[in-house]
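Single-structure report; data block below.
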Amino acid sequence: MKRWDRTARKASRLIRKGKAELSDRQLLWMWVILALTLVILTAFLAVSCGRQMTASDAEVPVSVKSRTPLTAGAVSETAYYTDNLNWFGRSNKTVQKGLQYFYRQTGVQPYLYLTNSLGLTDETPTQAALQEYAASLYGTLFRDEGHLLVVLYENSNAADGIVYSLFAGNAAKTVMDEEAVSILKAYWEAAASNSDAYPKGKEDRMFADVFTATARNIMGVKDRTGWVIALAVLLTLMIVIIVRDFRKAWLMRRKLEQEEERAGAEETEPAVKVL
């Protein structure tokens, strides 16, 4: 009977030990999940809260109008820029990513035309002459009414060395109304005057940020702060659960060790001879 008792206790300890080992594996998986969550959260914060212009930072007014993006068929997608100033190079992913984001949010495809020669008699044109040039160029470059053409003309005689003009197709004007255009210009002027954030050679990043910020502003793209808070709460709950389970597993292992020590003492105890 005594031997059977010891066998039963040993079997019980083995079962509990197996449960403890299972709990350890569960804890390992939970730590893996926590690590993955931290990586995802870090990447999310980097994207949503990283380097980007905001209406408050640039002192740009927040749009108060509701806009509907152009339908997919309104634009025949083209390239996104012509760079005769060699600011971006032949295939610049940074500026293209910002312009594509604007296109996805608004349905209006932006196009940058950078040049230092307009082929005009007066190489220091008035704003009206530059606007007329942009209108003519629009008809040459596009066959639809859904583009937004931005002509940037580099001229040493200009006050800032650069003059620019915007020309939108008729369909694009339903999105790029007066308020939207003024917001785009405000972002551009704020960025162009911020040489610390956008030093010479970083024009691609500047244009990407300007068009990304403009799209979010004029289309009312929601702030992601709520998602960040939700993820932070979820992360906190996961940490609490892991700490609780870790303590529970530690206590179980400690109890098993104590029981095994007692059982070992009992097994090594000499048998009492009954006379």
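The values are calculated or read from the model by the stated rules, or taken from the named source; none is laboratory data. All values derive from a computational prediction rather than experimental measurement. We place every Cβ from the backbone using ideal geometry, glycine too, and count neighbours over all the protein chains shown.
Structural remarks
- Residues located in the stretch 162-180, provided they are among the charged types (D, E, K, R) and assigned to a helix (DSSP H, G or I): Lys173, Glu178, Glu179
- Ala134 being closer than 17 Å to Ile162 by Cα, of a type in the set (A, V, I, L, M) and either within 35 Å of the chain's Cα centre (by Cα) or not assigned by TED's automatic domain parsing to the domain that holds Phe211 (or both): yes
- With respect to the conditions (1) at pLDDT below 85; (2) surrounded by 15 or more Cβ atoms within 10 Å (Cβ to Cβ), Val175 lacks only one, and its number is (1).
- Listed by first and then second residue, the pairs with beta-carbon distance under 6 Å, at least 6 apart or on different chains, first residue in the stretch 63-74 and assigned by TED's automatic domain parsing to the domain that holds Ala180, second hydroxyl-bearing (Ser, Thr, Tyr), are Pro69/Thr106.
- Apart from one condition, Thr140 fits all of (1) touching a helix residue (DSSP H, G or I) at 6+ places or on another chain (Cβ under 9 Å); (2) without any contact (Cβ under 8 Å) to a residue 12 or more places away in the chain; the exception is (1).
- The sole residue among Gly119, Gly201, Gly139 that is among the small types (Gly, Ala, Ser) and part of a helix (DSSP H, G or I) is Gly139.
- Top-ranked residue of the stretch 32-62 - restricted to ones that are of a type in the set (S, T, N, Q), surrounded by 12 or more Cβ atoms within 10 Å (Cβ to Cβ) and over 27 Å from Leu114 (Cβ atoms), ranked as modelled with the lowest pLDDT: Ser48
- Residue identified as surrounded by 13 or more Cβ atoms within 10 Å (Cβ to Cβ), modelled with pLDDT of 95 or more and under 23 Å from Glu178 (Cβ atoms) among Glu132, Glu145: Glu145
- Qualifying residue in the stretch 122-129 (condition: within 20 Å of Tyr81 (Cβ to Cβ) and small (Gly, Ala, Ser)): no
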